[in-house]
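Worksheet for the structure shown next.
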Amino acid sequence: MGVFGRGVRVPPVSLEGLKWGALALMVVDHLALLLFPGEVWPRLPGRVVFPALLTLMAWHLHRGVDPGKYASRLLPFALLAQGGYALVFDTPWFWPLNVLFAFLSGVWMVQGKIFPGVLLSLMTEFPLGGPALHFLSRGQLFWGAVMAGGASWLMGWPLWVALGVFLLTLFLWTVVAQGFPGRRVPWWWAYLFYPLHLWILGGLKWLGVFSR
C-alpha cells in the first residue's frame, strides 16, 4: 500500500525499468556536473536517482530478500567504483565514499550491525543514506524519507531540494509498492554499470575533455 492513503494509486511501472531509468538519469546528472560545474538547475533531475534506487532496494529488503546477498554484491563494486568516483567529483580517493557504500551501510544496519553501519554511512557522500535504507526496509517510511532528505541537505543542497527529496521518497515508495518486476537482465549489469560509467567519465575528465 502507498503512503498517501488507500484511494491514491499510481499506474504500475516496471521495477526493472525504474532502475535503469534511474541509472540513465544518473549519467545525465554526472555529465551536468562536469559540463556545468557549480550550477544547480542542470542537476535537479538527478535528485530523483538516489530516492529511486533507495526505495527499490528497501522494498526488496522489506519483502524479505536476504540482506547478505546485497552485502556480498555491493562491497566489490563499491570498491571498484571509488577511484572513478574520486576522478569525477575531484575528491580524495577515500573520502567521501561513493553511494554503493551508503547502500552497504544500510544493509549492515538491516543485518543488526547498527554502529558499523552508521559509521560507514557517515563516511559516504550520502551521510544519512544508510539509516534511510534501514528505516524504509522496516516500513518506517516517514523517518526513511527524513533521512533521505537530510542526506541531500548535508551534501550541500538547498533546503527546498531536501524537502523535494523527502516527498519524492514517499511517492516513489508508493510507485515501487505497486510496481511489477518487468523484464530482468543479469543482476551484475546494473552493479557494473555504476563503476564503469564513473571510470569512463573520470578518464575523459583527466584527459581534459570537460575542461573549459
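Among Val99, Val118, Val65, which one shows the biggest mean-square fluctuation in a GNM of the chain, springs joining Cα atoms closer than 10 Å? Maximum fluctuation in the GNM of the chain, among the listed residues, is at Val65. Checking every one of the chymotrypsin sites (Phe, Trp or Tyr not before Pro) in segment 95-183 against DSSP loop status and a limit of 13 other Cβ atoms within 10 Å picks out no site at all.
Farthest toward the positive end of the dipole of segment 15-206, out of Trp188, Val118, Trp95, is the Cα of Trp188, where the dipole comes from beta carbon charges about the Cα centre.
Between 0 and 90 degrees, the angle of helix 141-154 with respect to the longest Cα principal axis of the chain falls at about 10 degrees. Taking the Cα centre of segment 54-212 as origin and assigning +1 to Lys and Arg Cβ atoms and -1 to Asp and Glu Cβ atoms, the resulting dipole is close to 320 debye.
When its C-alpha radius of gyration is set against 2.2 N^0.38 Å (N residues), segment 93-212 gives a value of 1.19. Measuring between their Cα centroids, segment 108-164 and segment 34-99 lie 12 Å from each other. Shown here for segment 1-92: chymotrypsin sites (Phe, Trp or Tyr not before Pro) in loop regions (DSSP other than H, G, I, E, B) with at most 16 other Cβ atoms within 10 Å, namely Phe4. A Gaussian network model of the chain, with springs between Cα atoms under 10 Å, assigns the largest mean-square fluctuation among Pro195, Pro131, Pro37 to Pro37.
Contact order for the chain, expressed relative to its length and based on alpha carbon pairs under 8 Å spaced 6+ residues apart, stands at 30 percent.
Loop-located trypsin sites (Lys or Arg not before Pro) in segment 1-101 (DSSP state other than H, G, I, E, B) with a sparse environment of at most 12 neighbouring Cβ atoms within 10 Å: Arg6, Arg9, Arg63. A straight Cα-to-Cα reach below 12 Å connects Lys205 with the aspartates and glutamates Asp90, residues fewer than 8 places away in its own chain not being considered. Computed from label points 7 Å out along Cα-Cβ, the spacing between Leu163 and Leu79 is 4.3 nm. Just to be sure I understand: with springs between alpha-carbon atoms less than 10 Å apart, which residue in Leu159, Leu15, Leu54 has the highest mean-square fluctuation in the Gaussian network model of the chain? The residue that fluctuates most here is Leu159.
Bear in mind that the values in this text are calculations on the coordinates, not laboratory data. What you are looking at is a predicted structure, and each value in this text was computed from that prediction instead of being measured. As a convention, Cβ positions derive from the backbone with ideal geometry for all residues, glycine included, and neighbour counts pool all protein chains shown.
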